[in-house]
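What follows is a single structure, written as structure tokens, with notes after it.
The values are calculated or read from the model by the stated rules, or taken from the named source; none is laboratory data. Everything numeric here is computed off the predicted structure, so don't read it as measured data. Positions of Cβ are generated from backbone atoms using ideal geometry, with glycine treated the same way; all protein chains shown enter the neighbour counts. Ligands, DNA and RNA are stripped out before the accessible areas are found, and what is left, the full protein with its side chains, is counted by its heavy atoms. Shrake-Rupley method; radii C 1.70, N 1.55, O 1.52, S 1.80 Å.
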Amino acid sequence: MDSTLTMPIGAQLLVNINDISMLKDIKKAISMVKGVVSVKTQKPKPSLYDPETGECLNEETMKVIENVRSGKEQCTTYSSFEEFEKSMRAL
């Protein structure tokens, strides 16, 4: 007779917290609930909101922004649209 013991797959519960000062107490309270295996915190990924579209920038765009901020990637700035246009036409 072949018998196999299978364990149920656990579920995850995602909790968003506005007041970060309460995080420690909330983690402690959740960990005391019967059946909770672990409680972990995860820093939110940086994101920028575009009010024109109502959406956040995707991860690829955020990576480019972070690379420019940290100096890993170069960028060019222009003082006016005319300067930008002149530069693009010269390509």
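Considering only residues that are modelled with pLDDT of 85 or more and open to solvent by less than 100 Å² (accessible area, probe 1.4 Å), look in region 39-52 and name the one that is farthest from Asn16 (Cα to Cα).
Filtering region 39-52 for residues that are modelled with pLDDT of 85 or more and open to solvent by less than 100 Å² (accessible area, probe 1.4 Å), the one farthest from Asn16 (Cα to Cα) comes out as Val39.
Just to confirm my filter: which helices (runs of 4 or more DSSP H) fall fully inside region 10-91 and include at least 1 residues that are in contact with an Asp or Glu (Cβ under 7 Å, 6 or more places away or on another chain)?
By residue number, 59-70.
In region 59-87, which residue that is within 19 Å of Pro44 (Cβ to Cβ) and touching a Ser or Thr at 6+ places or on another chain (Cβ under 9 Å) is surrounded by the most Cβ atoms within 10 Å (Cβ to Cβ)?
My answer is Met62.
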